[in-house]
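Some notes on the structure that comes next.
The values are calculated or read from the model by the stated rules, or taken from the named source; none is laboratory data. The model shown is predicted, which means the values in this text are computed figures rather than measured ones. Neighbour counts run over all protein chains shown; Cβ positions are idealised from the backbone, glycine included. Accessible surface is based on the protein model in full, side chains and every heavy atom, while ligands, DNA and RNA are left aside. Shrake-Rupley method; radii C 1.70, N 1.55, O 1.52, S 1.80 Å.
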Amino acid sequence: MRELFDKNNSERRTMGEVLKQTRARYLILLMLFLVTTINYADRATISIAGSTMQKELGIDAVMLGYIFSAFGWAYVLGQIPGGWLLDRFGSKRVYFISIFTWSLFTLLQGFVDTLPVAWTVVTLFMLRFLVGFAEAPSFPGNARIVAAWFPTAERGTASAIFNSAQYFATVIFAPLMGWIVHSFGWEHVFIVMGSIGILFSFVWLKFIYNPKDHPLANRAEVEHIAANGALVDMDQNRRVPGNGPKWEHIKQLVSSRMMAGIYLGQFCINAITYFFLTWFPVYLVQERGMTILKAGIIASLPAICGFIGGVLGGVLSDWMLRRGNSLSVARKTPIVCGMLLSMTMILCNYVESDWMVVGFMALAFFGKGIGALGWAVMSDTSPKQIAGLSGGIFNTCGNLSSITTPIVIGYIIAATGSFKWALVFVGVNAFLAAFSYLFIVGEIKRVELKGVKPETGSPAAAPETPAASPAR
């Protein structure tokens, strides 16, 4: 009788704990959103300062394109090593070092005007290169943390929210940085943004933990997210002998048709991103005759639409998943529709008034936001043993366009004297992204690695199907 009484009490306590489960994962999502906002604001500093720098330093369009691309060269080179470090040492420590160092290199760019003119451009290129290398673990880290903390049916929304921070960064910081350049000079933009990042790196240390270690997450929350697809044992798995990241795993990933299509799609999606991050403010100043202050304000308007589209795309995708649609349909539909909508930027070549240009760019940005679900797809497909390395490969392929897009647009402008073919170039990339997801990717599902040892002492992972939705 006593044993039955204790068992009933235990069941009641368990039921009470379930009813009172914490929501620490939403704090984690807030941290991802804030760090990604700072990340993209630091990337955009050079574009806001670019037009004024070009005049003061005597830089032509081709040289400015190469300076814009310096970030991309290092960012791409650092992806696979950055992903390996995440899998080897965990997200918290590696991401902290990443935030601190990229912010420091951003701050140092504010002092290049103290150097002789002959050294200014070279030093600026090298500092942008170092910012890119330091930022390399950021998005693989984001995807890794989302996979660990969020159930499958919440993952699209979570990924869309942190990814939409790129637009929020423009909304908040483009007007601020435009005002700083206008009032104090371009070099002060780097000092302000670098200082903000350094301070935030210590906030990151205080609030980021693995699910089972977080002081604000109770057992009920951890069990809930684990039972619905969250990979809560991700960092525990890296301590199983023989299950760490291995370079031969790369071959298994890149030989998959599904992954190849995802990589191509992200390359094309990022071409749109890097047009907005680099040449868009310059387009407003040089092609449309706006002041740098006005360009900073105007650039924030399409970004607001991008932010709305970014959140909406994730919510729509997860809603479709809960309604019983397959993971493939739920992820692909917003991506394809969003990319086709992004092609409307080409219509800017056929209008004269500023408000119509802003309108079409806002529509294109909205579409790009809806379709920017690549990181949700990575959280759905990455093998949990190498989630960081998988994200690094994905971001390597995607960010090759961070190198090519600024340079190609620079040459187009130098050859034609206008941005018209540059907009066509970006629009074609949007079309190719939609094509890739429609005809190359196929079924979206998690990649299972060959030759991986089973985990010991950890609970079995539940199938990645939302509990409330029908089987797919």
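Shown for the chain: the carbon plus sulfur share of the solvent-accessible area, taken with all protein chains present and a 1.4 angstrom probe, equals 69%.
Starting with the highest mean, order 153-166, 34-47 by the number of other Cβ atoms within 10 Å, averaged over the residues of each peptide.
The densest-packed peptide leads the list: 153-166, 34-47.
The per residue volume of the convex hull around the alpha-carbon atoms of region 30-176 is 112 Å³.
The packing ranking, built from the mean of other Cβ atoms within 10 Å per residue, places the peptides 249-262, 133-146 in the order 133-146, 249-262, highest first.
Between the Cα long axis of helix 400-416 and the first principal axis of the chain there is an angle of about 20°, rounded to the nearest 10. Only one item in [x] 150; [y] 141; [z] 184 matches volume of the Cα convex hull per residue in Å³ derived from the coordinates shown, and that item is [y].
Of the listed peptides 340-351, 279-290, what is their order by residue-averaged count of other C-beta atoms within 10 Å, with the highest listed first?
Answer by packing, highest mean first, reads 279-290, 340-351.
Pairs spanning more than 24 Å between alpha-carbon atoms, out of Lys212/Lys368; Lys92/Lys332; Lys368/Lys420: Lys212/Lys368; Lys92/Lys332.
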